[in-house]
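Everything below concerns the one structure shown next.
What follows draws every value from the coordinates through simple rules; no lab data is involved. On a predicted model such as this, the values are computed, not experimentally measured, just so you know. Backbone-built Cβ (ideal geometry, glycine too); neighbour counts: all protein chains shown.
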């Protein structure tokens, strides 16, 4: 993949993660690829649509020569009023001084309330 070949010389010791997406606002068609991040969340009618945006995960960007082929491009049809939440695992893995992880459940609760 071109992005891997481009990044490898610049950041050989790092493994950048990302979601790259393209949303056609006229039709609501979303296309995206996921490079080692949690899948985006689709929020519809103040509820998380479970599994709506799950797809095949690819390794982080940058490494080449490991048999990593082009990433799969996923598609979804969004509706007016839908919201997307893109986040890193740093959100769910964060923890306050109490030591308890922020976690998936807390993230979901905050997302649907806002």
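The table that follows gives values for the structure above.
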quantity: Sites residue 5 and residue 37, calculated FRET efficiency, Cβ-Cβ separation with R0 30 Å, nearest 0.05; calculated: 0.90
quantity: Cβ-derived FRET efficiency at R0 25 Å, residue 52 paired with residue 27, nearest 0.05; calculated: 0.90
